[in-house]
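Reading through the structure tokens given below for one structure.
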Amino acid sequence: MSQSLLEVRDLAVAFRTYIGEVQAVRGVSFDLNKGETLAIVGESGSGKSVTSKSIMRLLAKNAKIRSGEIRFEGENLAAASERRMQSIRGSEISMIFQDPMTSLNPTMTVGKQIIEVLKKHRKLGGAEALAKAAELLGLVGIPSPEKRVKQYPHQLSGGMRQRVVIAMALACSPKILIADEPTTALDVTIQAQILDLMKRIQEETGTSIILITHDLGVVAESAARVAVMYAGIIVETGTVDELFYEAKHPYTWGLLASMPKLHEKTSELTAIPGTPPDLMFPPVGCPFAARCPHAMEVCVAKMPDYTAHSDTHSAACWLQDPRAQKAAAATGASLGGER
Amino acid sequence: MAEQGKKKPLVQVEGLKRHFQVGGGKTLKAVDDVSFEIYPGETFGLVGESGCGKSTLGRTLIRLYDATDGKVLFDGEDVHGTKSKTELKALTRRIQMIFQDPYASLNQRMNVEDIIAEGMDAHGLAKNRAERTKRVVELLETVGLNAEHAKRFPHEFSGGQRQRIGIARALAVDPDFIIADEPISALDVSIQAQVVNLLQKLQRERGLTYLFIAHDLSMVKHISDRIGVMYLGGMVELATSDDLFEEPLHPYTQALLTAIPIPDPRLERERKRQLLQGDLPSPIDPPSGCRFRTRCPFATEHCKNKAPEWREVRPNHWVACHLYGSESDRAAMKA
């Protein structure tokens with residue numbers, strides 16, 4: 001086992017709203033190892049983005065970390081001062097967001113925006129910083145970087161802008177790069193370029209990546225390990241192979257089955273009926289019970305513990321309890337595996 | 001689709017163009033000389049990246065945009081021809097549209113019953129109040145909602161439910177042809193499958209014909225009988241869904257297919273990816289000759305000088321590329 005760089009333990013985050021409190025993240029624990037890519041998948045509202053923003057301490061004003069620890073190289077970021085966080089953000093841990101247009105300042109040249117980062121964390125200035133900015137743009141595959149540093153975001157295409165955002169995030173060689181849906185706003189051919197770039201950068205710099213996405217295709221292509229989130233909880237975690245070929249949680253089965261397969265003809269997709277629960281009033285038992293075809297009485301009454309299936313693979317489901325009757329995904333057994 | 005040859009097409013598109021004046025005397029050729037046919041009861045998938053003109057094409061078919069040139073025949077009738085209000089109304093009742101954003105496409109101030117019945121009212125399809133309500137309830141049940149939803153407002157529904165309301169609205173006037181413009185792109189994976197299954201069920205029950213516009217190729221493959229691929233305003237390839245995925249001919253289609261990440265890690269590890277270089281050129285000033293040549297790994301001087309013809313190179317498989325062109329074009333490619 002490689003050494004873990006980041007340890008999240010029992011993280012809970014709630015949002016105050018005028019009609020009540022939304023429990024967006026309800027006890028999330030995971031590790032991030034050096035040099036690996038961990039994907040966090042889930043649907044909108046599952047808490048994946050809130051989890052990543054908690055690590056950066058970039059939560060909205062009405063949000064509060066209720067409990068839990070976020071240990072980065074031994075230091076608990078959940079309790080760190082804002083001043084300390086400012087020295088970590090952009091330098092030790094960087095983040096890239098879905099929409100590259102809104103993460104760039106439209107009134108500044110892209111070079112100046114990269115220099116800002118270098119100035120703050122590296123105390124670089126003048127010609128040296130400009131040269132470094134151009135070098136970074138070259139690293140992310142932008143042609144004629146010396147010319148591009150002087151351009152504004154609107155002069156670049158969507159794919160180019162995302163490359164600039166990645167260059168900014170990499171400016172101080174961070175140990176962790178958090179990518180929140182980095183390719184969702186891009187077209188598939190551009191998405192392929194960006195995923196390829198992220199992979200190459202990881203090989204060259206050894207940065208650990210947390211990839212937040214809803215696209216299982218992107219996960220299969222880019223990640224080593226996966227955590228599946230549902231209603232503020234990690235319901236299953238494992239290596240990509242364990243998750244795609246030996247999934248244990250019915251929600252993971254459902255997710256995999258609801259994707260059309262490119263290489264086989266199916267007449268009907270297997271949909272997951274219903275919708276996720278309202279996290280203003282989270283269910284006491286398993287949050288997936290209401291939509292789960294295998295749900296038992298105990299599922300509604302009590303939240304299951306994690307059952308370990310290997311060193312890397314565990315799932316929170318009563319079906320895995322030794323007392324439960326054996327169930328397997330009806331369509332799940334051959335998920336993804338066979339063509 | 002085997003008997004396709006015998007069937008009369010429901011929609012015939014011939015040399016359709018839709019250009020926009022963008023100021024500075026420049027023209028944006030959003031759709032430029034596109035021809036294809038859609039047969040009754042089939043699902044025609046239209047794919048391409050943002051800005052390729054697929055949505056503009058969909059909207060021009062239904063006369064939400066006027067055609068700059070070319071023709072659209074719906075059941076033999078010229079959609080863009082001169083028409084009285086009554087004639088146009090009779091035509092548009094038969095063609096309906098479902099939109100991408102279930103949040104923006106429903107009027108927030110109308111309740112669900114009024115949203116669904118708006119088309120029925122416009123076309124005078126319900127004799128009285130009671131019949132109107134009865135039809136709305138039937139439609140709600142058809143799309144998997146129920147009577148108690150009728151008096152609610154759009155903000156009370158989730159994205160998937162809203163899309164169901166949009167589908168019920170389209171069905172209200174009993175159309176023959178539905179244009180679905182990215183109907184599932186804004187929905188979560190598990191909800192996407194619900195909506196796609198609903199669309200397919202309705203097609204089976206009512207014999208509907210769909211134009212399904214999307215950028216998610218795996219979903220398009222699942223739902224479509226035939227697929228057209230667009231690039232920068234033009235159609236580059238058209239084939240049955242199986243042929244297109246098993247044997248894509250156009251280099252752009254090939255690149256597009258290899259770019260889709262497959263939710264299967266073992267397959268992903270083995271796969272060789274053909275990465276396209278660069279970005280989409282601007283449709284205001286598209287490349288000369290073949291529009292794709294600036295990103296095409298096989299491009300030659302010939303592609304710059306001459307635009308490829310739109311040819312049926314195999315039965316029901318059309319492509320616009322010199323690699324599959326006439327003998328002289330193929331010879332010029334080798335030169």
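With contacts taken as Cα pairs under 8 Å and at least 6 residues apart, chain B reaches a relative contact order of 19 percent.
Considering only the protein assembly as shown, what is the antiparallel percent among its DSSP beta bridges, to the nearest 5?
Bridges in the protein assembly as shown that DSSP calls antiparallel: roughly 60 percent.
Look at the Cα gyration tensor of the stretch B:50-190: its axes a ≥ b ≥ c give a/c of at least 1.5 with a/b at or below b/c, and that counts as oblate. For B:LYS201, the aspartates and glutamates whose Cα falls under 17 Å of its own Cα, not counting residues fewer than eight places away in the same chain, are A:GLU268, B:GLU42, B:GLU138, B:GLU141, B:ASP174, B:ASP176, B:ASP225. Across the stretch A:88-104, computed HN-Hα scalar couplings (Karplus, 6.51 cos²θ - 1.76 cosθ + 1.60, θ = phi - 60°) run 8, 4, x, 10, 8, 10, 10, 9, 10, 10, 5, 9, x, 5, 7, 8, 10 Hz from first to last residue, x flagging Gly and Pro. 3J(HN,Hα) along the stretch A:170-183, derived from phi through the Karplus expression 6.51 cos²θ - 1.76 cosθ + 1.60 where θ = phi - 60°, amounts to 8, 3, 10, 6, x, 7, 10, 10, 9, 10, 9, 6, x, 10 Hz, with x in place of Gly and Pro. D by Stokes-Einstein for the stretch A:228-334, Kirkwood Rh over Cα pairs, 25 °C, 0.890 mPa s: 169 µm²/s.
Close amide-amide hydrogen proximity is noted between B:ARG226 and B:THR43, B:GLY45, B:SER241, each under 5 Å apart and 5 or more residues distant or on a separate chain (H modeled in the peptide plane; Pro and chain starts excluded). To the nearest 10 degrees, how steeply does helix A:110-122 sit against the main Cα axis of chain A, on a 0 to 90 scale? That works out to roughly 80 degrees. With the cut-off at 30 Å, tell me which of the pairs A:LYS64/A:LYS302; A:LYS261/B:LYS334; B:LYS71/B:LYS127; A:LYS261/B:LYS134 have Cα atoms farther apart than that. With Cα atoms farther than 30 Å apart: A:LYS261/B:LYS334; B:LYS71/B:LYS127; A:LYS261/B:LYS134. Computed over chain B with a Gaussian network model linking Cα atoms closer than 10 Å, the most mobile of B:ALA168, B:ALA126, B:ALA214 is B:ALA126.
For the stretch A:4-223, the residue among A:LEU136, A:LEU124, A:MET198 whose Cα projects farthest onto the positive side of the dipole built from Cβ charges is A:LEU124. Full extension of the chain between B:ARG311 and B:GLU77 yields a length gain of 81.7 nm, computed as 0.36 nm times the residue separation minus the alpha carbon distance.
At 25 °C and a viscosity of 0.890 mPa s, what translational diffusion coefficient does Stokes-Einstein give for the stretch A:7-89, taking Rh as the Kirkwood radius over Cα pairs? Give it in µm²/s as a whole number.
D = 183 µm²/s.
Put one equal scatterer on each alpha carbon of the stretch A:1-145, apply the Debye formula with no solvent term, and list log10 I(q)/I(0) at q = 0.09, 0.16, 0.22 1/Å to two decimals. Scattering profile of the stretch A:1-145, log10 relative to I(0): -0.37, -1.03, -1.38. Dipole check for the stretch A:228-334: with +1 at the C-beta of Lys and Arg, -1 at the C-beta of Asp and Glu, and the Cα centre as origin, the magnitude is about 240 Debye.
With all projection directions averaged, the alpha carbon convex hull of the protein assembly as shown covers 33.3 nm². Estimated purely from DSSP H runs of n ≥ 4, each contributing -39500 (n - 2.57), the mean residue ellipticity at 222 nm for chain B is -10000 deg cm²/dmol once divided by its residues. Rounded to the nearest 10 degrees, the inclination of helix A:188-205 to the longest alpha-carbon principal axis of chain A is 80 degrees.
Summing Cβ point charges (Lys, Arg +1; Asp, Glu -1) relative to the Cα centre of the protein assembly as shown gives a dipole of roughly 1560 debye. Here's the list of lysines a cross-link from A:LYS112 could span, going by alpha-carbon distance under 28 Å and ignoring same-chain residues fewer than 8 apart: A:LYS53, A:LYS120, A:LYS123, A:LYS132, A:LYS147, A:LYS150, A:LYS175, A:LYS199.
By DSSP, the beta bridges lying fully in chain B are antiparallel in about 60 percent of cases. Within chain B, B:CYS52, B:CYS296, B:CYS321 have no other Cys Cβ under 4.7 Å of their Cβ and so lack a disulfide-compatible partner by this rule. With both labels modelled 7 Å from their Cα along Cα-to-Cβ, the A:ARG9 to A:HIS154 distance reads 5.1 nm. Projecting the Cα atoms of B:LEU208, A:ASN76, B:VAL196 onto the charge dipole of the protein assembly as shown (Cβ charges, centred on the Cα centre) puts A:ASN76 farthest toward the positive pole.
Backbone amide hydrogens, once placed in the peptide plane, bring A:GLY35 within less than 5 Å of A:SER208, excluding anything fewer than 5 places away on its chain. Annotation: amide H-H contacts under 5 Å for A:ILE233 (H modelled 1.01 Å from N, sequence separation of 5 or more, or interchain): A:ARG26.
Expressed to the nearest 5 percent, the antiparallel share of DSSP beta bridges inside chain A is 65 percent. Rounded to the nearest whole Hz, the Karplus-based 3J(HN,Hα) values (6.51 cos²θ - 1.76 cosθ + 1.60, θ = phi - 60°) of the stretch B:26-42 follow the sequence 9, 10, 9, 8, 5, 10, 9, 6, 10, 10, 6, 10, 10, 9, x, x, 9, with x at glycine and proline.
Here the contact order of the stretch B:1-72, divided by its residue count and restricted to Cα pairs under 8 Å and six or more residues apart, works out to 39 percent.
With the convex hull of its Cα atoms as the shape, chain A has an orientation-averaged projected area of 18.8 nm². In percent, rounded to a whole number, the relative contact order of the stretch A:128-195 is 30, using alpha-carbon pairs under 8 Å and six or more apart.
Coordinate-derived values only; no laboratory data. From a predicted model like this one, the values you see are computed outputs, not experimental measurements. Positions of Cβ are backbone-derived with ideal geometry, glycine not excepted, and every protein chain shown enters the neighbour counts.
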